[in-house]
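Okay, structure first, notes after.
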Amino acid sequence: MMDMDEPDCGHLQTDGRAARRRPRVAIVVSHPIQHFCPQYVSLAACDAWEICVFFASSIGRDAYVDRNFGTRVQWGGLRLESFPHVFLNEAPIQVTSELDAPGLEGALDAFQPDVVISYGYSQKYQRRARRHARTRGWAVYHIADSELAGTRSFPARVARVAKAWWHLRGIARVLTVGDANEKFYALAGMPASRMTRMGFPIDIGLYDKALAEGHSSREAYGLSDAAVVFGMAGKFIPIKRQEDLIRAVARLDPSLNVHVVLAGSGPEEQALRALAGGLAPGRVTFAGFVSPEMLPAFYAALDVYVHCSSHEPHSLAISEAIYMGRPVILSDACGSYGPNDDVSPGVNGWTYPMGDVEALAALMRSAASDPGSRRAFGARSRAYAIVSQNRAHGAFLQAALAADGLPAGPQP
């Protein structure tokens, strides 16, 4: 079902694909995702192609209760009016493997795409999109953040790769998000010639505005300019392992003036507060749930961003932190590091063995004692992030279409 005030993807239909001047791209996605919608805005603003986004659920557009954050969430900055889209179900259906929209085939037939971009392969909705695209001869591009960094056992690794190999049959191209992601798909049999780096987009308009205005949350968190601030953003759930950061700061000499800020909420909050009060009183600030609009000011308050997770395929928070010019300390169970990824060890950040609190504390101690390295690493983060976001907001699609014989015009 389409809202009356939404752009109508059907108006783009022509008498035949051969008569078109521009490739047509259908993006099939579960629901409006806060960090992907700015990408759709950028793609829609480019004259090199025509896009339409097909949503199966209105969750995200409408407020909902996030069980992990433990709070009612309504995402801002979606800018749905700025790109053509269709809601195939008006209800805010929960996003599970059972998510589906039987009207998808008719909507895609009305749009007549050259390419269908599909997210993951677990949902009925995405499987429906791929099946229909194949019957029509449309190329299917696949996006997922699969990697093996957080998968420790050999049998589990083999099973994951085998599952991916099965689902990748008939996929024309994989739009990858990082080094670990590309290694995974290579193991699953996808040749490099059929992989195009996309990366995860962020709301660059929001972050550019924050950088220009120079806003920081330091004062709001009661932090002095002299403090060396390490921080992490994420839900307070066990896999995020914020406790490691608390235990690490407790190991540092108070003379280093190191402080930790944790942004988020969730079921582990009370346990984390108790741990901080017992091990590092006065050295850990809980910022609460920070809305996406306020996250740039949170990152601006930090000297170093830290991500301790036991499993995080490709962290959006890291992509945001490096765009704000922050060096990163990252657990090796996360998939955001590599020589050509958000975190390049020894270039703009550091990695440590997941769960090794002493190793994390040693990196924090070194970074706190070396402001020159922090500045140099931060500058490299910012330089990489600018190139990465330019790619995520359009250059990736131009490269992918050209590689598949669907040349688009120049990207503005």
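Here are the numbers for this structure:
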| item | result |
| --- | --- |
| Candidate lysines for bridging to Lys124, where Cα separation is under 20 Å - those fewer than 8 sequence places away on the same chain excluded | Lys163 |
| Region 112-177 - charge dipole about Cα centre, Lys and Arg +1 at Cβ, Asp and Glu -1, debye rounded to 20 | 340 |
| Nearest-ten-degree value, helix 204-213 long axis tilted from longest Cα axis of the chain | 40 |
| Inter-label distance, nm, simple model (7 Å from Cα along the C-beta direction), His215/Ser82 | 1.6 |
| Using alpha-carbon coordinates, inclination of helix 357-368 to the longest axis of the chain, degrees | 80 |
| Percent accessible area from carbon and sulfur atoms, region 285-412, protein chains only, probe 1.4 Å | 58 |
| For the chain, accessible area per residue (1.4 Å probe, heavy atoms of protein chains only), Å² | 40 |
| Accessible area, probe 1.4 Å, largest first, for residues Phe230, Phe286 | Phe286, Phe230 |
| Fully extended contour minus Cα-Cα distance, from Ser97 to Ser224, at 0.36 nm per residue | 41.0 nm |
| Volume in Å³ per residue [convex hull over Cα atoms, computed for the chain] | 137 |
| Degrees separating the helix 154-167 axis from the principal Cα axis of the chain, which is the longest one | 30 |
| Estimated FRET transfer efficiency (Ser366, Ala274; beta-carbon r; R0 25 Å; 0.05) | 0.30 |
| Accessible area, probe 1.4 Å, largest first, for residues Arg169, Arg197 | Arg169, Arg197 |
| Inter-probe distance in nm under a simple model that places probes 7 Å from Cα toward Cβ, at Asp253 and Ser291 | 4.4 |
| Nearby aspartates and glutamates by direct alpha-carbon distance to Lys240 (threshold 15 angstrom, same-chain neighbours under 8 apart not counted) | Glu268, Glu269, Glu312, Asp332, Asp356 |
| Net lengthening on full extension, Val347/Ala383 (0.36 nm per residue, minus Cα-Cα) | 11.8 nm |
| In Å², nearest 10: area of Arg374 left accessible to a 1.4 Å probe | 40 |
| Accessible surface ranking that places the most exposed of Thr96, Thr196 first, with a 1.4 angstrom probe | Thr96, Thr196 |
| Under-5 Å amide H pairs with Gly349, H placed in peptide plane, nonlocal only | Val328, Ser344 |
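The values are calculated or read from the model by the stated rules, or taken from the named source; none is laboratory data. Please read these numbers as outputs of a predicted model, since none were measured by experiment. No Cβ is skipped: glycine too gets one built from the backbone with ideal geometry, and neighbour counts run over all protein chains shown. Accessible surface areas use protein heavy atoms only, side chains included; no ligands, DNA or RNA. Shrake-Rupley method; radii C 1.70, N 1.55, O 1.52, S 1.80 Å.
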